[in-house]
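Peer 1: Submitted below is the structure of interest, expressed as structure tokens.
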Amino acid sequence: MTKTIADGVKPTVFVGMSGGVDSSVSAALLKDAGYNVVGVYMKNWSKDLPGMKCPWADDLADAKRVAVKLGIDFKVFDFEKDYKQKVVDYMLEEFKRGRTPNPDIMCNQEIKFKLFYDVAREQGADLIATGHYAKNDGKNLLRAVDENKDQTYFLCRISEDAIEHTIFPLGDMLKPDVKKLAEKYGLHNAYKKESMGVCFVGDVGIRDFLREYIDEEPGEIRDAETDNVLGYHEGAIFYTIGQRHGLNVGGGIPYYVVKKDIAKNIVYVSQNLNNEELWTKSLKLTEMILRGDVPEIVFVRLRHRAELIPAMLKLGNDDTAELKFTEEIKAPAAGQSAVIYTGDAKDSSKARVCAGGGIIAG
Amino acid sequence: MIYLDFAAATPVDERVFKAMEPYFLSDFFNPSAPYLPAKRVKEAYEEAKNELAHAIGAKGADLVMTAGATESINLAMSVASGKILYLTTEHAAVRESARRFGLSFEEIAVDKTGLIDLSDLRAKLSGDVAMISVSAANNELGTIQPLSAIAEIVREEKQKRLARGDKTPLYLHSDASQAMSLIDINVRRLGVDLLTINSAKVYGPKGVGALYIAHGVDVKPLVFGGGQERGLRSGTENVPGVIGFAKAAVIAKEHINGNRKKYEKLGAILREELKKCAIEPVFLGNKKHSLTNFCTVSFPGIDAERLIYKLESREIYISTGAACAASKGEKSHVLTAIGLSDTEIAGSIRVTMGVLNDEEQIRTAAREIVEAVNEEAERTGLVGGQK
């Protein structure tokens, strides 16, 4: 860490405040610890619904309320344009290519730990902080103590420089204790409902969101085993591998999406969970980001909160890599992230370092 | 609790609540049903409409009951067969519906106090204007508009059109939502063709409004169905709501003079106390032509939102500008229109008094506002900290 309280100087920390309980408690803890705390609400892009009250207004008000309660400065950073371009457009492009991107990971990489970090530093911040459940030993990004809340999966692509200058005040805490602290600090949002899913999509599901930006194009749903047409869909890009719901095909035993032919706009489904398309023993990754030297034997997490799977990591050229597993794993959708954890080759509970990640190819 | 946001919402008067109660519990019948108890409900409904209409110098048949001022305003704007002129400081309901229903629209300027610029109105009142909408009193400043003078300009224009054989209709609409409980509203004296009133601002229930329609104004429905309200607003009548609105309007009318004096006195105390702030307050609005319960004031350099959050933790509830504008994260179009700087706008609060307030409350609130302003001024270094 660049500056600590012990140095006798009061470092300035810009805390990203979303209006939720986690970032609010983070700000309160930092203030108590003696930092010069500035609360910042990042105004990210939200869909423009004519005549509708903007969905972020309440969150902004909640964040500002807490700032006033704590007696700290409060700013609003307007990142709408960048967010639209770097997160939303990226997401739409990926979907159009038939992939399933993770916009939260992109948001952390491009907005919260890059743009916010840069602007905060420009405006005099020594450090930044967020309400993420993650830890930081000054150099490495580490898993949070609360295994249930650990958000390192979403933070896998942030830069070493950002990590070095970030404080995660909640890294050693359990969520129930954070709520208790919020009460102790008298924060009005102690029991605010947690936001779920992609923030800018809001209450409408991701599919409804996509429909507004991507034209529907009817196509066939075929049985992956028999090639029979089982029904029709409104666009293969709206479907994700492994998806079970909303397939418009018969009742009874559920069908799973096992394959998509984007060029022909065909969705292949199967009732057979053992269908070979659903399983794999290796994954090809692109756009690898790794922090520090990473051993060959690692642990991999394929979605937020999923178990850590042992794997062999082989780095290729041009930021590519390949993961090999000892047993077959359920194949994740292309576009999702495989996140690498290191620190122990055998015991996943000791592999605390989130060393980076790559995008699943396909 | 010290509630000082009566321009946003008013509590339902207990007498109003009592008058409504039987129409929820026992006399719940559909006024259109064929049996006698239902017929009695229908009669009570019509009688309430008459009372409400009398309160604004009209007849029951001149009113179309709606689900609130926004709907009334939309219905009024839908009458326009040409260009709509509206005051630049009008509520969003007027601005948005005028943009939707008018063939075109233009804004009429106001002066620094929020008062209409009559010469601007005259200049913009071209032959294709079909509707003019000017609120009786502004909802952020409390500035009362000279409706009779505006009506006279409208009358002259109508005469000119008739003289040249031009049949383009021209109507004057006024949104009297804020004004109704504080000044005497009489449609004939004001000379309006359409007038919007709102129960929620006069200690009646929310979700009830009315549009007064003068004879000869050709209104077409926006809501279709069973043909209630002479076909202009279908849907089963909101009997308890309208009973409550009528009762509230009658009570408000009885107390107009008493209340005006009360708020004048309390307002003077409030202004005097606020001058004790470390930052000199800038009082907004028109000294002469203003709703007496309004005190909109700016503390330049202070973040008004922070004041509101500070005061809310002391159970004092005030507002910045209009609630809608604030929650949209936009700066107030009203305060922009009267020529305030961004700093002045950001430092503006709106205090609106009502029946719950007394002198003690006003003094307490004033003291807390002064304290909050001073704390903020000190925190941001606007004034030096004295210990």
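The values are calculated or read from the model by the stated rules, or taken from the named source; none is laboratory data. Every value quoted in this text rests on a predicted model; they were computed, and no experiment measured them. Every residue, glycine as well, gets a Cβ built from its backbone with ideal geometry; the counts of neighbours run over all protein chains shown.
Peer 1: Could you check how many residues of the range B:22-41 are in contact (Cβ under 8 Å) with a residue 24 or more places away in the chain and assigned to a helix (DSSP H, G or I)?
Peer 2: 3
Peer 1: Take the range B:284-309 and flag every residue that is more than 14 Å from chain A (Cβ to nearest Cβ), under 18 Å from B:Glu368 (Cβ atoms) and of a type in the set (A, V, I, L, M, F, W, C).
Peer 2: Matches in the range B:284-309: B:Cys295, B:Val297, B:Phe299.
Peer 1: Same structure again: Among what's in the range A:120-148 and is buried (at least 18 other Cβ atoms within 10 Å of the Cβ) and among the charged types (D, E, K, R), pick the residue that is nearest to A:Ile163 (Cα to Cα).
Peer 2: A:Lys135
Peer 1: Another one. For the range B:78-105: of the residues being in contact with a Gly (Cβ under 7 Å, 6 or more places away or on another chain) and in contact (Cβ under 8 Å) with a residue 60 or more places away in the chain, which is farthest from B:Ala137 (Cα to Cα)?
Peer 2: Only one residue fits best here, namely B:Ala80.
Peer 1: Looking only at the range B:288-308, which residues are of a type outside the set (A, V, I, L, M, F, W, C) and more than 24 Å from the chain's Cα centre (by Cα)? Even if it seems obvious, please write down each step before you answer.
Peer 2: So the first thing to find is which residues in the range B:288-308 are of a type outside the set (A, V, I, L, M, F, W, C), and the list is B:288-290, B:292-293, B:296, B:298, B:300-301, B:303, B:305-306.
The answer is B:Pro300, B:Gly301, B:Asp303, B:Arg306.
Peer 1: Next question. Among the residues of the range A:265-277, which ones are over 10 Å from A:Tyr239 (Cβ atoms) and out of contact with any helix residue (DSSP H, G or I) (no Cβ under 8 Å at 6 or more places or on another chain)?
Peer 2: Across the range A:265-277, the qualifying residues are A:Gln271, A:Asn272, A:Leu273, A:Asn274, A:Asn275, A:Glu276, A:Glu277.
Peer 1: Next question, about the same structure. Do we have B:Ala252 as within 26 Å of B:Ile185 (Cα to Cα), of a type in the set (Gly, Ala, Ser) and in contact with a Lys or Arg (Cβ under 8 Å, 6 or more places away or on another chain) here? Steps first, please.
Peer 2: Details: within 26 Å of B:Ile185 (Cα to Cα): yes; of a type in the set (Gly, Ala, Ser): yes; in contact with a Lys or Arg (Cβ under 8 Å, 6 or more places away or on another chain): no.
When the stated conditions are applied, B:Ala252 does not pass them.
Peer 1: Please verify whether the range A:270-281 includes one or more residues that are within 18 Å of A:Ile221 (Cβ to Cβ) and in a strand (DSSP E or B). So that I can check it myself, show each step before the final result.
Peer 2: Of the residues in the range A:270-281, the ones within 18 Å of A:Ile221 (Cβ to Cβ) are A:270-273, A:275, A:277-278.
Imposing the further condition that a residue be in a strand (DSSP E or B) reduces the set to A:270.
Within the range A:270-281, one or more residues are within 18 Å of A:Ile221 (Cβ to Cβ) and in a strand (DSSP E or B).
Peer 1: Right, next: Looking at A:Leu315, A:Leu278, can you tell me which residue is of a type outside the set (D, E, K, R), at pLDDT 95 or above and either under 25 Å from the mean Cα position of the chain (by Cα) or farther than 23 Å from A:Asn102 by Cα (or both)?
Peer 2: Numbers: A:Leu278 fails: at pLDDT 95 or above.
Only one candidate passes the filter, namely A:Leu315.
Here is a yes/no grid of residues against (1) over 19 Å from the mean Cα position of the chain (by Cα); (2) under 19 Å from B:His333 (Cα atoms); (3) in the same structural domain as B:Leu284 (by TED's automatic domain parsing); (4) hydroxyl-bearing (Ser, Thr, Tyr):
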position	(1), (2), (3), (4)
B:Leu63	no, no, no, no
B:Met77	no, no, no, no
B:Val94	no, yes, no, no
B:Lys124	yes, no, no, no
B:Arg164	yes, no, no, no
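Peer 1: Here's a follow-up. Do you know which residues across the range A:336-357 are more than 16 Å from A:Ala306 (Cβ to Cβ) and in contact (Cβ under 8 Å) with a residue 60 or more places away in the chain?
Peer 2: The initial filter retains those residues of the range A:336-357 that are more than 16 Å from A:Ala306 (Cβ to Cβ), namely A:342-347, A:350, A:352-353, A:355-356.
Across the range A:336-357, the qualifying residues are A:Arg352, A:Val353, A:Ala355, A:Gly356.
Peer 1: Mind listing whichever residues of the range A:249-270 are among the polar types (S, T, N, Q) and more than 13 Å from A:Asn228 (Cα to Cα)? Spell out the reasoning first.
Peer 2: To start, the set of residues in the range A:249-270 that are among the polar types (S, T, N, Q) comprises A:265, A:270.
Within the range A:249-270, A:Asn265 is the sole residue that qualifies.
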